[in-house]
1. Given the criteria among the hydrophobic types (A, V, I, L, M, F, W, C) and on the phi > 0 side of the Ramachandran plot, does PHE368 qualify?
2. Only one of TYR208, TYR220 is touching a Phe, Trp or Tyr at 6+ places or on another chain (Cβ under 8 Å), at negative phi and hydroxyl-bearing (Ser, Thr, Tyr). Can you tell me which?
3. When the range 350-392 is examined, which residues are found to be of a type in the set (Asp, Glu), farther than 22 Å from GLU227 by Cβ and either touching a Lys or Arg at 6+ places or on another chain (Cβ under 7 Å) or part of a helix (DSSP H, G or I) (or both)?
4. I need the full set of residues from the range 109-156 which are under 30 Å from ARG435 (Cβ atoms), polar (S, T, N, Q) and over 21 Å from the mean Cα position of the chain (by Cα), in order please.
5. Considering only helices (runs of 4 or more DSSP H) fully contained in the range 33-123, which possess at least 1 residues that are surrounded by fewer than 20 Cβ atoms within 10 Å (Cβ to Cβ) and polar (S, T, N, Q)?
6. Among the candidates VAL383, VAL392, VAL371, single out the residue that is among the hydrophobic types (A, V, I, L, M, F, W, C), touching a strand residue (DSSP E or B) at 6+ places or on another chain (Cβ under 9 Å) and closer than 26 Å to LYS299 by Cα.
7. Could you list all residues from the range 408-428 that are touching a residue at least 60 places away in the same chain (Cβ under 8 Å) and part of a loop (DSSP other than H, G, I, E, B)?
8. For the list (1) over 23 Å from SER292 (Cα atoms); (2) among the polar types (S, T, N, Q); (3) surrounded by 12 or more Cβ atoms within 10 Å (Cβ to Cβ), I need the number of the one condition that ASN385 fails.
Amino acid sequence: MRYVNIIHLLIALLCSSCADFLDKKPDIKLVVPKTLTDADLLLNDYATMNTGYPVWGEIGTDDYYLTVQRWEALSNYEQRMAYVWADAPYTDAVQWQRPYKVVYIANQVLDILNQLPNGKTSDDYRRVKGGAHFYRAFAFHQLLGIYCPAYATDKAAKELGIPLRLTPNVDERSVRASLQESFDQVIVDLNTAIANLPVVEIVKGRPYKASAYAALSRVYLDMGDFERAYRYADSCLSLRPELLDFNTLSVPSNFPMPRFNAEVLFPALATVATPMAATTALIDTLLYGTYSNDDLRKKAFFKPNSNPVNSQYYKGSYDQSTTLFFGITTSEMYLIKAETACRIGKYEEARQTMNTLLRSRWDKNKTFNPVIESDRELLLRIVLNERRKELVFRGRRWSDLKRLNLDPRFQATLKRIVGDKTYTLAPNDLRYAYRISETVLELSGIDQNKR
């Protein structure tokens, strides 16, 4: 009875405290961000703005495999189904929700900036404005890579894109724009970012001018606009040409690449990917076999595993952790510049750019054989192969598969073998645009992807 009386007393005290709290009228001015400093701090939220980007695409790539035992042991059922490209309804809304949270914060920041009475030409104002446009564009582009088909100029106006949320008004109805409109918005945002971001940014994780050039180069590559992709990659590298010398890294260590290292133009991390966990995903054996023993990436990116025998795990995240890094680096810009230079007829520049990157990855005590290929077709294939090797587990392979499937020369049919079952994904399959979560559809009323 004594304990019962004590519990009753505690409940009474709690209710009294809650009543007192509810009776107090909070000053709304204390909780609504409205200053330039407030806007700046919103963009400094690294956990929101730089993490949680969708991982469905990377789960579907051909850079790794799972044994039947590992596949059956996956705790996340929907990600287990994503591994075999199962085209079934699902409820996980995180992959969609997290990028749109970034979009919401970016829109909130822009709304604050629009309401400021003065100071709109100051460096701080422009830095925050450019940052908000960058984050919104980056999040939109991530969504386009997962939930939309490959961009084709003659079809983009008719294909479904994504909802383009451009205000922080949560009551605004969501409507899917066309794929063309969606890419156009990303380009507008990144051009605004380029015009406003500073050349140097002292806050780790925040974008700057070279980051925006790089992001725009990525976008134009996905669109097949090789002239512009080349131009913006070149502009980025003119500001930030730094590469890591892998000879200076402790390549046998668990996490050789330092966080926020010299190559990182913009850090972005993925949501949790259970099939691709550090001790779950096994590197595709054919891909692993393409690395020379003198290529330091072979030891920097992978570590041996004995079950199955002679298999490999991935350890090369640029976050210096087991989290997958989906951000932008200078090494990716060298690859875009090399590929696009090759595609627009600048073959010598393509070779030089490729060799600059590869030398930084090569064991300095071994002979480096530069790329000297003169055949245009073979040179392009060399560059594309190096792109896959450099950007393994970096969130780009899914988009690369989609865009390359538009060209019969580079089409690939993906295959998964799980026990006695074989699953395939044909080039240009509608499943390259992942289904949108049923939860999202029910709440928003937007259209599902074509099936």
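None of the figures in this text is laboratory data; all of them are computed from the coordinates on show. Fair warning: this is a prediction, and the values are worked out from it, not measured in the lab. Glycine gets a Cβ as well: all are built from the backbone with ideal geometry, and neighbour counts include every protein chain shown.
1. Working: among the hydrophobic types (A, V, I, L, M, F, W, C): yes; on the phi > 0 side of the Ramachandran plot: no.
So PHE368 fails the test.
2. Working: TYR208 fails: touching a Phe, Trp or Tyr at 6+ places or on another chain (Cβ under 8 Å).
One residue alone meets the criteria, TYR220.
3. GLU390
4. Result: THR153, single match.
5. 36-43, 46-49, 68-72, 94-115
6. Values: VAL383 fails: touching a strand residue (DSSP E or B) at 6+ places or on another chain (Cβ under 9 Å); VAL371 fails: touching a strand residue (DSSP E or B) at 6+ places or on another chain (Cβ under 9 Å).
It is VAL392.
7. Residues satisfying the conditions are ALA412, GLY419, ASN428.
8. Evaluating ASN385 over (1) over 23 Å from SER292 (Cα atoms); (2) among the polar types (S, T, N, Q); (3) surrounded by 12 or more Cβ atoms within 10 Å (Cβ to Cβ) leaves (1) as the failure.
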